[in-house]
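The structure under discussion appears below in the form of structure tokens.
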Amino acid sequence: MTYCVGLKLEAGLVMLSDTRTNAGVDNISRFSKMFTWEVPGERAICLTCGGNLSVTQAVTTAIDTAIRRAEEGEAIETVLNADSLYRVAEIVGNHMRDVQSTFRGAISEQGATEGASILVAGQRRGGRSRLFMVYSAGNFIEATDDTPYLQIGEHKYGKPILDRVITPQTRLSKALKAVYVSMDSTLRSNLSVGMPLDLAVIRTGEYRLAVRRRIETDDEEFGRISQLWSEALQGAFQSLPDISLAKTD
């Protein structure tokens with residue numbers, strides 16, 4: 001499994017993903033599930049992927065292939081020349097649908113699942129920041145002010161903190177704390193999600209990746225947030241009143 005989370009805020013976009021894949025308890029590997037493209041000053045795009053690894057890798061390969069063909073002079077639409085982020089999501093969805101159409105039957109015959117999801121985030125000059133979730137069929141939904149975040153994979157452990165603290169007006173510094181806590185909660189509760197992590201931040205109006213980095217197991221910042229959050233939870237629990245065992249009417 002996996003856990004990927006994306007936030008769409010007035011201040012920008014925040015994306016965080018793990019790198020663990022597994023096909024059983026004795027077959028665990030690391031693969032980056034985050035992919036980024038940018039034309040600094042014009043657009044920045046970030047994808048995070050979950051589900052069948054062969055499917056999502058085929059989708060990102062198709063995106064890269066189209067970009068290369070366009071750079072070689074072929075008149076082809078890509079995520080780097082599409083006229084809106086909505087159209088970028090459509091292009092990703094089309095690639096997803098093509099890959100699923102090609103491999104779904106063979107994958108199913110082997111008893112595996114072909115299910116996959118992709119978060120698509122970005123901003124282009126002249127447009128607003130947008131965040132989409134693309135499903136296996138190629139259709140997608142968009143994050144809104146009512147729900148300014150989207151998750152794929154093992155989302156249930158990291159959802160409560162997002163529900164409590166994330167609004168469209170949340171500052172990026174606070175948003176980073178929230179996604180760190182969200183991921184830390186998932187790491188502690190599900191062995192199918194694991195370090196290292198990939199982080200990307202796209203500030204509104206900058207049209208570039210302000211942050212794109214790998215968070216390793218010894219990362220001091222992430223470790224400090226994890227430690228302080230654990231201590232805060234233990235303190236809050238201890239401060240709750242004890243429950244009486246006496247029988248009451």
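Quick note: the coordinates plus some simple rules give every number you see, no bench work behind them. From a predicted model like this one, the values you see are computed outputs, not experimental measurements. Here the Cβ positions follow ideal geometry from the backbone for every residue, glycine too, while neighbour counts run over all protein chains shown.
Once the Cα atoms are used to define both axes, helix 220-239 deviates from the longest principal axis of the chain by about 40 degrees. Averaging Cα coordinates gives a centre for region 174-249 and one for region 1-17; these two points are 14 Å apart.
Exactly which GluC sites (Glu not before Pro) in region 142-249 are in a DSSP loop and have at most 11 other Cβ atoms within 10 Å? Intermediate values should be presented prior to the final figure.
Details: sites: 142, 154, 206, 216, 220, 221, 231; in loops: 154, 206, 216.
Passing sites in region 142-249 are 216.
Across the options 229, 19, 193, the greatest Cα extent toward the positive end of the charge dipole of the chain (unit charges at beta carbon of Lys, Arg, Asp, Glu) belongs to 229. Relative to the Cα centre, the charge distribution of region 129-222, modelled as +1 at Lys and Arg Cβ and -1 at Asp and Glu Cβ, gives a dipole magnitude of about 200 debye. Convex hull volume of the Cα atoms of region 1-128, normalised per residue: 114 Å³. Once you sort the root eigenvalues of the Cα gyration tensor of region 102-193 as a ≥ b ≥ c, which label holds: rounded (a/c under 1.5), prolate (a/b larger than b/c) or oblate (the other case)? Cα axes put region 102-193 in the oblate bin. For region 58-105, the Cβ-based charge dipole about the Cα centre amounts to some 260 debye (Lys, Arg positive; Asp, Glu negative; other atoms uncharged). So what is the relative contact order of the chain, in percent, for Cα pairs below 8 Å that sit 6 or more residues apart? 27 percent. Peptides 2-11, 39-48, 94-103 ranked from most to least packed give 2-11, 39-48, 94-103, packing being the mean of other C-beta atoms within 10 angstrom over each peptide's residues. Helical content alone sets the calculated 222 nm signal of the chain at -12000 deg cm²/dmol, taking -39,500 (n - 2.57) per DSSP H segment of four or more residues and averaging over every residue. Relative protection proxy for 123-135, 162-174, from highest mean packing down: 123-135, 162-174 (other beta-carbon atoms within 10 angstrom).
If you take the Cα Rg of the chain and divide it by 2.2 N^0.38 Å, with N the number of residues, what do you get?
This ratio for the chain stands at 1.10.
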